[in-house]
Amino acid sequence: MEKYTSVHDVPDVTALLNEALQCKKTPWEWENLGKHKTLGLLFFNPSLRTRMSTQKAASHLGLQIISMNIDKDGWKIETEEGVIMDGDKAEHIKEAAGVISQYCDILGVRSFPGLINKQMDYQDEVLQNFIKYASVPVLSLESAIRHPLQSLADLMTIEEHKQTDRPKVVLTWAPHPKPLPQAVGNSFAEWMNQADVDLVITCPEGYELDSQFTGNATITHNQNEALEGADFVYAKNWSSTASYGQVINTDRSWTISKEKMALTNQGKFMHCLPVRRNMVVTDDVLDSPASLVLEQANNRTYSAQAVLKRLIK
Ligand code: SN0
């Protein structure tokens, strides 16, 4: 693989899934694969799981790691072409990417959307410019519109817990006090379209995700109807798509509760974390055996390891 930014970079999703499951069984089997190579991790936004799990995955492969909170510790980066740099941005992405490519053999980038201008965000400028100007493979650590390492870990978790060949997977919007990216929802939907699942997406009006991600999913504004018979309930907040980047609904009846889970087929609860307790999901669901959130987080290490293995080669 030349880069890892979406499911479309993966020629064989099932093979990558199996590779990730194998990494979980024998994490140290390839401990010399990354010997004398360096993984760079650039964060324009906060991270807990992505940073720690990707570093752990890299250490399983013998990679050296350079990690940087570039928003706090680096120069402010310009991404526009041909501008007069007379503002607060000291460094152009052309030089930054060129320089980092000399220090690192693989480069991971996290960059969230501005949530002001949909067209700009959906061009995924920061990630795309790193791909354009870096001479090494680039992997997304969550971009403005996708979170593919999370989605692969989610696919692993579903594979490990499914009771039927074709489980019903429900992606449901849930309330949140802040406007959040659409990346996790987009990416999860896109990956589930490549998996053998019955995908249903439910959200309030004005929160419909772009059809390039939702694909063949059934989409409904009726959450209770969606949850009926669900094997997996994947909750996530995202900001409005119609009133782009805004919070236009705070209806707490969308919170996933014991009552909501009772509509499912003894469904499992999933969330990428961090999760706002009693906004997105109630304590009694999150603290119950139905919750898979820690297993999802654990699988982040092995999804990252499988991807890094392919990028090293
Ligand atoms: C990010 C998101 O894309 O929704 C990262 C998820 C992996 N989540 C947040 O920014 C949560 C922030 C909050 O205040 O709850």
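With +1 on each Lys and Arg Cβ and -1 on each Asp and Glu Cβ, and nothing else charged, work out how big the dipole of the chain is about its Cα centre, in Debye to the nearest 20.
On the way: 31 positive and 39 negative charges, 162 e Å.
Computed about the Cα centre, the dipole is about 780 debye.
For the range 11-63 and the range 183-233, what is the separation of their Cα centres, given in Å?
28 Å
Toward the positive end of the charge dipole of the range 150-297, about the Cα centre and with charges on Cβ (Lys, Arg +1; Asp, Glu -1), which of Met156, Tyr244, Cys203 goes farthest?
So the residue furthest toward the plus end is Tyr244.
Tally Lys/Arg at +1 and Asp/Glu at -1 over every other residue whose Cβ is under 10 Å from the Cβ of Leu263; what's the total? Provide the component values of the computation, followed by the final result.
Working: positive: Lys260; negative: Glu225, Glu228, Glu259.
After counting each charged neighbour, the total is -2.
Can you check what the net charge comes to around Ser143, using other residues whose Cβ is under 10 Å from the Cβ of Ser143 (Lys, Arg +1; Asp, Glu -1)? Provide the component values of the computation, followed by the final result.
Numbers: positive: Arg110, Arg146; negative: Asp121, Asp124, Glu125, Glu142.
That sum, taken over residues with Cβ under 10 Å, equals -2.
For Asp73 and Asn216, FRET efficiency with R0 = 51 Å and r from the beta-carbon atoms, rounded to 0.05?
Values: r = 43 Å, r/R0 = 0.85.
It comes to 0.75.
How do 258-265, 102-109 rank on mean C-beta neighbours within 10 Å, highest first?
Sorting 258-265, 102-109 by mean packing, highest first, produces 102-109, 258-265.
Along the Cα→Cβ direction, 7 angstrom out, place labels at Met52 and Lys132. What is the inter-label distance in nm?
Those two pseudo-labels are separated by 3.6 nm.
For Glu208 and Asp196, compute 0.36 nm times the residue count separating them, minus their Cα-Cα distance, and round to one decimal in nm. Display every interim value, and only then the final one.
On the way: separation 12, 0.36 × 12 = 4.32 nm, distance 2.26 nm.
Full extension from Glu208 to Asp196 adds 2.1 nm.
Tell me, what is the FRET efficiency for Ser257 and Glu29 to the nearest 0.05, using R0 = 51 angstrom and their Cβ-Cβ distance as r?
Working: r = 43 Å, r/R0 = 0.83.
The formula returns an efficiency of 0.75 here.
Using R₀ = 35 Å, calculate the FRET efficiency as 1/(1 + (r/R₀)^6) where r is the Cβ-Cβ separation of Gln266 and Val13; round to 0.05. Please report the intermediate quantities before stating the final value.
Working: r = 27 Å, r/R0 = 0.77.
My answer for the efficiency is 0.85.
Comparing Thr50, Thr214, Thr26, which has the greatest mean-square fluctuation in the GNM of the chain with Cα pairs linked when under 10 Å apart?
Checking each option, the largest mean-square fluctuation is seen for Thr26.
Count the net charge of all other residues whose Cβ sits under 10 Å from the Cβ of Glu91, scoring Lys and Arg as +1 and Asp and Glu as -1.
Local charge sum for Glu91: +1.
Sort 158-170, 127-139, 72-84 for me by packing, meaning the mean count of neighbouring Cβ atoms within 10 Å per residue, highest on top. Mind showing how you got there, number by number?
On the way: 158-170: 16.7, 127-139: 20.4, 72-84: 11.8.
The peptides rank, most packed first, as 127-139, 158-170, 72-84.
Treating only the Cβ atoms of Lys and Arg (+1) and Asp and Glu (-1) as charged, compute the dipole magnitude of the range 147-284 about its Cα centre; round to the nearest 20 debye.
Values: 11 positive and 17 negative charges, 91 e Å.
So the magnitude is around 440 debye.
Where does helix 13-25 land angle-wise versus the long Cα axis of the chain, in degrees 0 to 90, nearest 10?
The answer is roughly 80 degrees.
Run the simple label-point estimate for Asn249 and Ala90 please: 7 Å along Cα→C-beta, distance reported in nm.
Using points 7 Å along Cα→Cβ, the separation is 4.5 nm.
Within the range 182-218, which GluC sites (Glu not before Pro) sit in a loop by DSSP and count at most 12 neighbouring Cβ atoms inside 10 Å?
Details: sites: Glu190, Glu205, Glu208; in loops: Glu205, Glu208.
Filter output for the range 182-218: Glu205.
Give me the angle, in degrees from 0 to 90, between the Cα long axis of helix 93-103 and the longest principal axis of the Cα atoms of the chain, rounded to the nearest 10.
Rounded to the nearest ten degrees, it is 80.
Go through Thr218, Ala20, Gly87 and say which Cα lies farthest out towards the positive end of the charge dipole of the chain; charges sit on Cβ, +1 for Lys and Arg, -1 for Asp and Glu.
It is Ala20, whose Cα lies furthest towards the positive end.
If you plug each phi of the range 133-141 into the Karplus form 6.51 cos²θ - 1.76 cosθ + 1.60 with θ = phi - 60°, what whole-Hz ³J(HN,Hα) values come out, in order, with x for Gly and Pro?
9, 8, 9, 10, x, 10, 10, 7, 9
Given the DSSP H assignment, sum -39500 (n - 2.57) over each helix run of at least 4 residues in the chain and divide by its residue total; what's the result at 222 nm in deg cm²/dmol, nearest 500? Could you put the intermediate results ahead of the total?
On the way: 13 runs with 115 residues, N = 313.
My calculation for the chain gives -10500 deg cm²/dmol from helical runs alone.
Quick check: the angle from helix 148-161's long axis to the longest principal axis of the chain, C-alpha only, nearest 10 degrees?
It is inclined by approximately 40 degrees.
Hey, what did the chain get for relative contact order, percent, Cα under 8 Å, at least 6 apart? Provide the component values of the computation, followed by the final result.
Numbers: 641 pairs, mean separation 63.2, N = 313.
20 percent.
Quick note: the coordinates plus some simple rules give every number you see, no bench work behind them. It should be emphasised that the depicted structure is a prediction, and the values quoted were computed from it without experimental measurement. All Cβ positions, even for glycine, are placed from backbone atoms using ideal geometry, and neighbour counts span all protein chains on display.
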